[in-house]
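Colleague: This structure is in structure tokens; I'll ask about it shortly.
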Amino acid sequence: MDSSEIKQLKLLANKARTGAIIGTYHAKSGHPGGSLSAADIFTYLYFKEMRVDPENPAWEDRDRFVLSKGHCCPSLYAVLSLKGFFDWDELLSLRHVGAMLQGHPDMKGTPGIDMSTGSLGQGVSAACGMALAAKLDNKDYRVYTVLGDGEVEEGQVWEAAMFASHHKLDNLVVFVDQNGLQIDGPVTEVAGIEPLDKKFEAFGFKVLKIDGHDFEQIKDALDTARTVKGMPTAILAKTVKGKGVSFMENQVGWHGVAPNKEQYAQAVFELKKQALEIKGGLD
Amino acid sequence: MAETVLKATRESFGEALCELAETNKDIVVFDADLAAATKTSIFQKKYPERFFDCGIAEGNMIGVAAGMAAAGKIPVAASFAMFATGRAFEQIRNSVAYPELNVKIAGSHAGISTGEDGATHQCIEDIAIMRAIPNMMVLNPADHWEMKAATKAAIAYDGPVYIRLGRLAIPSFNDPDTYEFELGKGITLHEGDDVAVIATGLVVNEALKAVRELETEGINARLINIHTIKPIDRDIIIKAARETGRIITVEEHNVIGGLADAVSEVVTATCPVKITRIGVQDRFGYSGPAWELLDNFGLTQPHIANVIRRVVGN
């Protein structure tokens with residue numbers, strides 16, 4: 001990737017973050033913290049990595065994405081909108097009665113959503129099923145899923161991990177968005193999930209550790225994953241919860257709370273400023 | 001009438017899957033280390049490339065099946081009713097029923113006729129659990145021929161289905177030459193206006209023997225077989241309530257949440273009549289041979305006949 005491509009990605013991710021703030025503000029609820037931490041991963045997947053067609057969301061040969069940490073959909077919705085799956089204005093009615101955008105992803109109602117998720121630990125199993133279907137049909141589509149680091153406390157994640165390696169699902173990439181925080185506090189204080197890399201290795205995964213906000217590192221990891229044969233890949237992405245909004249960064253309290261009017265204005269101002277800085281770098 | 005077939009519905013189910021898979025290449029089957037018991041092993045032997053043992057991990061099995069369905073397959077996920085609907089309830093609710101994915105869930109060893117394994121393996125709540133989930137169809141076939149027809153219909157239907165299978169070999173009572181299965185349609189097996197006996201699953205045959213026995217005593221009981229518990233055949237139930245004025249339900253399930261409640265939901269809203277509930281009376285089972293347990297729990301012909309006599313006598 002050259003520097004202009006990276007700047008484009010940064011601008012898109014910045015817009016996705018803004019979208020998550022707009023959505024949760026208008027919803028007066030939702031999960032901004034994890035939406036902001038995973039925004040760069042969503043952006044890279046949809047704009048560089050995945051084979052998708054917004055004109056034909058149900059295209060049989062498309063790559064699939066499953067947001068296992070379904071509550072972080074506000075920024076995913078923003079990315080899908082930026083990619084052309086639906087209008088940006090849908091974000092204004094996120095979580096409203098009759099709205100297309102549900103509080104957690106709904107594959108029946110939202111173009112571009114490949115699996116309904118929200119109950120933690122379940123999406124990764126569905127991703128395994130999709131990857132296995134590709135193998136069965138000799139299709140070359142790939143399946144991507146993003147888990148939270150709190151989510152890996154769910155036993156089903158490890159049932160799925162065993163399944164994925166047993167069936168040699170090398171067309172499956174499992175991201176863990178390691179923002180380090182869950183609802184009740186820091187992950188390290190709530191439940192001991194470490195050493196996560198050794199756990200995934202022991203479960204038969206190729207494990208890659210990256211900075212989840214660095215597009216070069218996201219790219220390198222996904223490029224490596226494409227070369228891995230006979231086993232699934234886990235990408236452990238260190239991230240900052242609330243990334244991009246100063247008062248939300250690394251704050252447990254911003255897991256599932258929407259910004260009020262003043263906070264919304266402040267957040268949008270900060271994100272606009274960052275966008276200008278990125279654009280300035282383009283000149 | 002064709003010869004009586006003595007067969008457990010789990011076996012009829014396994015055979016039906018195999019027959020259907022010959023022409024339907026989208027069928028894939030999952031099990032959770034119980035293939036020999038649920039009889040998906042019949043499919044496994046014939047179509048090993050389309051069979052996946054998920055190990056003892058029912059939650060993941062349902063999730064994988066959901067993903068497969070999202071990719072266009074017709075997955076059938078089997079385990080004991082206890083673990084399929086109990087352990088994996090929430091995966092079924094959120095990953096299958098909510099997105100309305102085309103997954104068929106087969107719960108084998110349902111009811112107390114599971115026998116010697118005892119209470120931990122005798123699922124008496126599966127119908128209640130599955131019935132409470134929106135979008136979920138619930139089937140409980142009563143003999144070999146009905147199970148084969150129900151399996152075919154479940155595969156042809158595009159959407160989530162729970163199908164209840166039994167462990168115990170039971171004699172068939174339907175005639176394959178004349179039998180017709182339609183999803184959501186109850187079947188009147190015996191005409192009569194003194195009382196309506198509404199039964200489901202393995203105990204339908206016991207109820208049939210009971211109403212035939214009572215014919216000789218001048219009691220004309222109507223017998224309705226409900227193979228589709230959800231969506232239930234409202235018309236046949238309302239008609240029975242209007243014409244007989246009293247209903248007896250018979251099921252190998254807790255009397256809470258199963259057929260009795262499904263029937264009661266219909267009649268209380270349309271034509272309230274007294275319902276007498278034959279079933280497991282809100283208690284756990286225990287170890288023992290299946291027929292002894294069915295007898296102990298009042299689910300065999302003589303017990304059903306006695307209840308009918310009592311209800312009609314009143």
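Please treat every number below as a calculation from the coordinates, not as lab data. Keep in mind it's a predicted model, so treat the numbers as computed, not measured. Neighbour counts are summed over all protein chains in view; Cβ atoms, including those assigned to glycine, are modelled from backbone coordinates with ideal geometry.
Colleague: Under a Cβ-only charge scheme (Lys and Arg +1, Asp and Glu -1), can you give me the dipole magnitude of chain A about the Cα centre, in debye to the nearest 20? Before the final figure, lay out each step's value.
Modeller: Numbers: 31 positive and 38 negative charges, 36 e Å.
With only Lys, Arg, Asp and Glu charged at Cβ, the dipole is about 180 debye.
Colleague: If you take the C-alpha gyration tensor of the protein assembly as shown, multiply each eigenvalue by 5 and take the square root, what semi-axes do you get, largest first, in whole Å?
Modeller: Working: eigenvalues 551, 122, 78 Å².
Taking √(5λ) for each eigenvalue gives 53, 25, 20 Å, largest first.
Colleague: Rounded, prolate or oblate: which fits the stretch B:187-313 when a ≥ b ≥ c are the square roots of the eigenvalues of the alpha-carbon gyration tensor, with rounded for a/c under 1.5 and prolate only if a/b beats b/c?
Modeller: It comes out oblate by the Cα gyration axes.
Colleague: Something else: Quick one: of B:46/B:104; A:219/B:25; A:168/B:25, which pairs are farther than 30 Å apart, Cα to Cα?
Modeller: With Cα atoms farther than 30 Å apart: A:219/B:25.
Colleague: Same structure, new question: Ranked highest first by average number of other Cβ atoms within 10 Å, how do A:169-180, B:29-40 line up?
Modeller: A:169-180, B:29-40
Colleague: Further, regarding this structure: Mind listing the long-range amide H neighbours of residue B:106? Cut-off is under 5 Å, sequence gap 5 or more, other chains count too, H placed in the peptide plane at 1.01 Å from N.
Modeller: B:77, B:78, B:79, B:163
Colleague: I'd like the mean, over residues of A:159-171, of how many other protein chain beta carbons sit within 10 Å of each residue's own Cβ.
Modeller: The per-residue average across the peptide is 3.
Colleague: Using the charge dipole of the stretch A:3-282 (Lys, Arg: +1 at Cβ; Asp, Glu: -1 at Cβ; taken about the Cα centre), state which of A:45, A:187, A:267 has its Cα farthest towards the positive end.
Modeller: A:267
Colleague: Let me ask something else. In debye, nearest 20, what is the charge dipole magnitude of the stretch A:1-86 about its Cα centre with +1 on Lys and Arg Cβ and -1 on Asp and Glu Cβ, if you could check?
Modeller: Here the stretch A:1-86 has a charge dipole of around 420 debye.
Colleague: Can you pull the mean other chain C-beta count within 10 Å for peptide A:133-142? Don't skip to the end; give the middle numbers.
Modeller: Values: counts 11, 1, 0, 7, 5, 0, 1, 0, 1, 0.
Other-chain Cβ atoms within 10 Å of each residue's Cβ, averaged: 3.
Colleague: Also, I was wondering about something else. Output the peptides B:114-126, A:13-25 sorted from most to least packed, where packing is the average of other Cβ atoms within 10 Å over each peptide's residues.
Modeller: Packing proxy ranking, top to bottom: A:13-25, B:114-126.
Colleague: Take the residue pairs A:69/A:108; A:139/A:198; A:7/A:273 and return only those whose Cα atoms are more than 20 Å apart.
Modeller: From the list (A:69/A:108; A:139/A:198; A:7/A:273), the Cα-Cα distance tops 20 Å for A:139/A:198.
Colleague: Gap in Å between the Cα centre of the stretch B:251-314 and the Cα centre of the stretch B:165-214?
Modeller: 15 Å
Colleague: Dipole of the stretch B:187-313 (Lys/Arg Cβ +1, Asp/Glu Cβ -1, origin at the Cα centre): which of B:249, B:287, B:201 lies farthest to the positive side?
Modeller: B:249
Colleague: For peptide A:112-123, how many partner chain Cβ atoms fall within 10 Å of a residue's Cβ, on average?
Modeller: Whole-number average of other-chain Cβ neighbours for A:112-123 is 5.
Colleague: Looking only at Cα atoms, what is the convex hull volume of chain B per residue, in Å³?
Modeller: Numbers: hull volume 36.9 nm³, N = 314.
With only Cα atoms used, chain B gives 118 Å³ per residue.
Colleague: So what does log10 I(q)/I(0) come out to for the stretch A:140-224 at q = 0.10, 0.17, 0.21 Å⁻¹, using the Debye formula with one equal point on every Cα and no solvent?
Modeller: Listed by q, the Debye log ratios stand at -0.26, -0.75, -1.12.
Colleague: Let me ask another. How fast does the stretch A:191-257 diffuse by Stokes-Einstein, in µm²/s, taking the Kirkwood radius from C-alpha pairs at 10 °C and 1.306 mPa s?
Modeller: Translational diffusion coefficient: 116 µm²/s.
Colleague: Under the √(5λ) rule applied to the eigenvalues of the Cα gyration tensor, what semi-axes describe the equivalent ellipsoid of chain A? Give them in Å, descending.
Modeller: 27, 21, 19
Colleague: Now for a different question. Quick one: helix B:259-270 against the long Cα principal axis of chain B, what's the angle to the nearest 10°, folded into 0 to 90?
Modeller: 60 degrees
Colleague: Further question on the same structure: Check each of the trypsin sites (Lys or Arg not before Pro) in the stretch A:25-94 and keep only those in coil by DSSP with at most 13 other C-beta atoms within 10 angstrom; list them in order.
Modeller: Qualifying residues, ordered by number: A:28, A:51.
Colleague: Among A:196, A:36, what is the fewest-to-most ranking by other Cβ atoms within 10 Å? Mind showing how you got there, number by number?
Modeller: Numbers: A:196 17, A:36 30.
Least to most surrounded, the residues fall as A:196, A:36.
Colleague: Another question, then. Given Cβ point charges of +1 (Lys, Arg) and -1 (Asp, Glu) and nothing else, what value in debye, to the nearest 20, does the dipole of chain B about its Cα centre take?
Modeller: In total the dipole reaches around 460 debye.
Colleague: At 1.002 mPa s and 20 °C, plugging the Kirkwood radius over alpha-carbon pairs of the stretch A:5-47 into Stokes-Einstein gives what diffusion coefficient in µm²/s?
Modeller: 204 µm²/s
Colleague: For a Förster distance of 22 Å, can you work out the FRET efficiency between the beta-carbons of residue A:191 and residue A:223, rounded to the nearest 0.05?
Modeller: Working: r = 33 Å, r/R0 = 1.48.
The calculated FRET efficiency here is 0.10.
Colleague: Per 0.36 nm of contour for each residue apart, how much would the distance between residue B:215 and residue B:56 grow if the chain were fully extended, relative to their Cα-Cα spacing?
Modeller: Full-extension gain reported as 52.4 nm.
Colleague: In whole Hz, with x marking every Gly and Pro, tabulate ³J(HN,Hα) for the stretch A:254-260 from phi via Karplus 6.51 cos²θ - 1.76 cosθ + 1.60, θ = phi - 60°.
Modeller: Result, ordered by residue: 9, 5, x, 10, 8, x, 7 Hz.
Colleague: What does the C-alpha gyration tensor say about the overall shape of the stretch B:6-171? Classify as rounded when a/c is under 1.5, otherwise prolate if a/b is larger than b/c, or oblate.
Modeller: rounded
Colleague: Can you tell me the orientation of helix B:144-156 relative to chain B, as the angle in degrees between its alpha-carbon axis and the longest Cα principal axis, to the nearest 10?
Modeller: In chain B, helix B:144-156 runs at an angle near 50 degrees to the longest axis.
Colleague: Same structure again: What do you get for GluC sites (Glu not before Pro) in the stretch B:1-54 restricted to DSSP loop and a cutoff of at most 16 other Cβ within 10 Å of the site's Cβ? Mind dumping the intermediate values first?
Modeller: Working: sites: B:3, B:11, B:15, B:19, B:22, B:49; in loops: B:3.
Passing sites in the stretch B:1-54 are B:3.
Colleague: So what does log10 I(q)/I(0) come out to for the stretch B:109-237 at q = 0.15 Å⁻¹, using the Debye formula with one equal point on every Cα and no solvent?
Modeller: Taken in order of the listed q values, log10 I(q)/I(0) reads -0.74.
Colleague: Before rounding to the nearest 500, sum -39500 (n - 2.57) across all DSSP H runs of length at least 4 in chain A and divide by the residue total; then give [θ] at 222 nm in deg cm²/dmol.
Modeller: Value at 222 nm, helices only, nearest 500: -13000 deg cm²/dmol.
Colleague: How far is helix B:58-70 tilted, in degrees, relative to the longest principal axis of the Cα atoms in chain B, given as a value from 0 to 90 rounded to the nearest 10?
Modeller: Between helix and principal axis, roughly 80 degrees.
Colleague: Let me ask something else. Could you state the number of Å between the C-alpha centres of the stretch B:1-55 and the stretch A:216-283?
Modeller: That distance is 48 Å.
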